[in-house]
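Right, one structure below, let's go through it.
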Amino acid sequence: MKLPIGKVPAETLKKTVLEYLGAESEDVVLGPALGEDGAVVKVGDKVLISAMDPITGALERIGWLAVNINANDVATFGIRPSFFISCILLPEESMEKTVQTICRQIDSAAKKLGIAVIGGHSEVTPELSRPVIVGCAMGVTEPGRYVTSSGSKPGDKLILTKEAGIEGTAILAADKYQKLKGKIDEALLKSAMRFYDRISVVEEAVTAFNMGGVTAMHDPTEGGIAGGIHELADASGVGVRIFEEKIPVAVQTSEICKVFNIDPLQLIGSGALLISAGPGSSGKIIDELAENDIRANIIGEFLENPDTRTLVRADRTVTNLVRPVCDHLWLALEQ
């Protein structure tokens, strides 16, 4: 079977990737699993939480994204990331200035989040058409003082911070500027490019976790909000009902998606955070986030039957929640 561009499909992961996990270790508290954002490993009397993600579809601010995307994954456990490692792969004919630019971006993003860059690797790689950065972020916490993506329970509310397609909007506004120029308002396009500054979810993840009542969190990256919801439900073994009209979509995102004829809910969504919380806690979490100038909405609820994944549209019709085959960023970049 030929694989689609982007994340390896869940069924392939189950059949292949998750079957080959090396030696067993009693220090692995949480290893690879569908929908989980990272791993949890015992180190002495502490636990180390680590996450790894590549940046492959962006050119603008690629180093900035590498730090923030990986930091976000660690933050979904409710803890602040402390360390970062990267592997920088460059196309042939790359200039020294490119390496310097990427590393300055990594430095800037890491300093803003209080993260130490502790190592990595860089090389020029044959047959690459654009730079690729594989990042790994890590954080340390006490045993049991974290959440995972697998804690959602039937009846829990699903909270979304900010809105759909933030990262994809920033990437397309920057990398497809010439195609978009003249098709949408110039001021709107330039404001979309500034969506890069909204990529981090570290503050909202830590704030929500510290309020109590959070049962799971997840960072919707490739596959967007729709894919992230499925991954959260997969990890927890539950179903979900989502209300489309409750999912905010910025006008910048909506206009860019219209040009490329893509779905905002299937557009890479870093910058938003999915939070599962008990019914009695969700209101307090939303209020606390609002106190910190972070917009959040209840967009749905988790259900008992894991096979029930529905989207209630604005006209009250009910359809299955789409499970993205390919992030719509790739569809736009190919145009």
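Taken together, the values in this text are just the output of simple stated rules run on the coordinates, not laboratory data. Just so it is clear, the model here is predicted, and its values are computed rather than measured. So basically every Cβ, Gly included, is an ideal-geometry build from the backbone, and we count neighbours across all protein chains shown.
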Gain in length, Arg145 to Asp27, computed as 0.36 nm per residue apart minus the alpha-carbon separation, to one decimal in nm? 40.8 nm
If you take every DSSP beta bridge fully contained in the chain, what fraction is antiparallel? Give it as a percent rounded to 5. 75
Within the stretch 157-333, the percent of DSSP beta bridges that are antiparallel, given to the nearest 5, stands at 75
What size of dipole, in debye to the nearest 20, comes out for the chain about its Cα centre when the only charges are +1 on Lys and Arg C-beta atoms and -1 on Asp and Glu C-beta atoms? 600
In the structure shown, do any of Lys181/Lys258; Lys14/Lys112; Lys42/Lys157; Lys14/Lys162; Lys162/Lys190; Lys190/Lys258 have a Cα-Cα gap over 25 Å, and if so which? Lys14/Lys112; Lys42/Lys157; Lys14/Lys162
Take every DSSP beta bridge whose two residues both sit in the stretch 55-209, then give the antiparallel share in percent to the nearest 5. 45
Under 5 Å from the placed amide H of Gly78, counting only residues 5+ away or on other chains, we find Val147
Rounded to whole Hz, the Karplus (6.51, -1.76, 1.60) HN-Hα couplings of the stretch 29-38, x for glycine and proline: 7, 9, x, x, 7, 4, x, 7, 8, x
Local charge sum around Lys284 (other residues, Cβ-Cβ under 12 Å, Lys/Arg +1, Asp/Glu -1)? -2
J(HN,Hα) series, the stretch 296-307, from Karplus relation 6.51 cos²θ - 1.76 cosθ + 1.60, nearest Hz, glycine and proline x: 8, 9, 7, 10, x, 8, 8, 10, 5, 7, x, 7
At R0 = 35 Å the Cβ-Cβ FRET efficiency linking Val318 and Glu186, nearest 0.05, sits at 0.35
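If you rank Ile159, Ile62 by fewest surrounding Cβ atoms within 10 Å, what's the result?
On the way: Ile159 25, Ile62 22.
Final ranking by Cβ density, sparse to dense: Ile62, Ile159.
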With just the Cα atoms defining each centre, how far is the stretch 282-335 from the stretch 28-104? Give it in Å. 25
Within 10 Å, count the other beta carbons around each residue, average over each peptide in 297-306, 200-209, and list them highest first. 200-209, 297-306
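Add +1 for every Lys or Arg and -1 for every Asp or Glu among the other residues with Cβ under 13 Å from the Cβ of Asp175, and state the total. Present the calculation step by step, with values, prior to reporting the outcome.
On the way: positive: Arg61, Arg130, Lys176, Lys179, Lys181; negative: Glu60, Glu167, Glu334.
Around Asp175, the charge tally is +2.
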Where does each of 79-88, 98-107 land if you order them by average Cβ count within 10 Å, highest first? 79-88, 98-107
Using the Kyte-Doolittle scale, which helices in the chain average at least -1.0 and also have C-alpha atoms spread 15 Å or more along the helix axis, with helices defined as whole DSSP H runs? 62-75, 96-113, 224-236
Helix-derived mean residue ellipticity, 222 nm - over the chain, DSSP H n ≥ 4, -39500 (n - 2.57), to 500: -9500 deg cm²/dmol
Sorted by mean Cβ packing within 10 Å, highest first, what order do the peptides 244-252, 270-278 take? 270-278, 244-252
